[in-house]
1. Taking the simple approach of a point 7 Å from Cα along Cα-to-Cβ for both residue 96 and residue 181, what is their distance in nm?
2. Quick one: length gained pulling residue 85 to residue 153 fully straight, 0.36 nm per residue minus the C-alpha distance?
3. Taking neighbour counts of Cβ atoms within 10 Å as a proxy for exposure, in what order, fewest first, do 370, 88, 385 appear?
4. Would you mind ranking 207, 328 so that the residue whose beta carbon has the fewest other beta carbons within 10 Å leads the list?
5. Please state the shape class of the range 332-433: rounded when a/c is under 1.5, otherwise prolate if a/b exceeds b/c and oblate if not, all from the C-alpha gyration tensor.
6. Using the alpha carbon gyration tensor of the range 347-394, what are the three equivalent-ellipsoid semi-axes (square root of 5 times each eigenvalue), largest first, in whole Å?
7. Please work out the FRET efficiency for the pair residue 163 and residue 202, using the Cβ-Cβ distance as r and a Förster radius of 25 Å; give the result to the nearest 0.05.
8. If you restrict to DSSP beta bridges whose two residues both lie in the range 315-463, what percentage is antiparallel, to the nearest 5?
């Protein structure tokens, strides 16, 4: 009922209030005692739609009607005082009701605005949740102790969490240690946002290259991190594969130039030999002497190496970094042939003298050769191990393939029966030798075992 009158039209309310005033006036005129208290009801009714001035005017009208029929007041002073008191009472009642109505309307409008804002906020939250949930990038938040508070489906996929499991509640140090390090900075400095590239670890132990964008903020319970992470391993594989192809191409061009010179000299030698066959005596013959010179020149050319010793890029290279990059590149390829790579690495790996890109390319070439060798084998495995011997580090690549049938021509370019142009091992050995190291085939292994031997960085510094 109250809601009906609060929402009724102004005309309707005023008509009802006027009828009530007329009814009470008739009743007041026909009875002896005054019914002035009843005029409060039309005042309350009319105050729902009247402003301050209109309410005051209606209070005066009600007071005048009420005391028009007041036969108890005998003196003028009493009539005036009663009129003033009645007007004050009617006006106060009306103004109070009007204020209550206005306050109710203000509260109602405020509640409506709050509902609209809540609806908009809920819609925005739902859109944000859908955006986070459907994002191909891993999105997560981490508390001050390194525990993952929230994560989307992509994060579970990135960290290879088992079906039905979640990364929420796990320690981020098991997957992205750099975020744990960033939390220590977040607790002692202003909030920051930055990007990083680091190695991550999946739930199954597989490592990958991660690109991370993260920022810190202060939550109710201390510093926290919000992070977006993507797997950049495929990008790295493509980059390293492209680098390997470029290296092989450049060395192929160099070897082709050397081969061209060899062919020219061999042609000249053949021509001179045909001349010598016609000479009665060749001991003092100038052609014979030229043949000797040509042979000496050929010997010098064949003695040239494709790489010079002491490259400007040789520097201190942590062996673990190179092997971790190799692991990221090759493990997925071996899984693609239903094979596996076994790593036999000591806890502390040495630092060697090398160029990181060149050394990685040499490792890649050996791994690719092993992958091709085990294609038709029942046991498709590659074992990579590292050992230190004095001031040298030895890295072994042992595959379970058929082995090397004829190792005599193994490191020669353009060898018969080689895959491609036969330059891979020749170039790899040249690269390793440029660092003062050696690449050789180790006999006695069940398959093929290649050993790369490198100098440690500390030994090189002392020798220098």
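No value in this document is a laboratory result; all are computed from the given coordinates. Owing to the predicted nature of the structure, the values given are computational and were not obtained by experimental measurement. Note that we place each Cβ from the backbone using ideal geometry, even for glycine, and neighbour counts take in every protein chain shown.
1. 7.3 nm
2. Contour length minus the Cα-Cα distance gives 17.0 nm.
3. Lowest to highest Cβ neighbour count: 88, 385, 370.
4. With the fewest neighbours first, 207, 328 line up as 207, 328.
5. Working: a/c = 1.87, a/b = 1.16, b/c = 1.61.
Cα axes put the range 332-433 in the oblate bin.
6. Working: eigenvalues 131, 43, 11 Å².
Over the Cα atoms of the range 347-394, the ellipsoid semi-axes are 26, 15, 7 Å.
7. Working: r = 14 Å, r/R0 = 0.57.
For R0 = 25 Å, the calculated efficiency reads 0.95.
8. Here the share of antiparallel DSSP bridges comes out near 85 percent.
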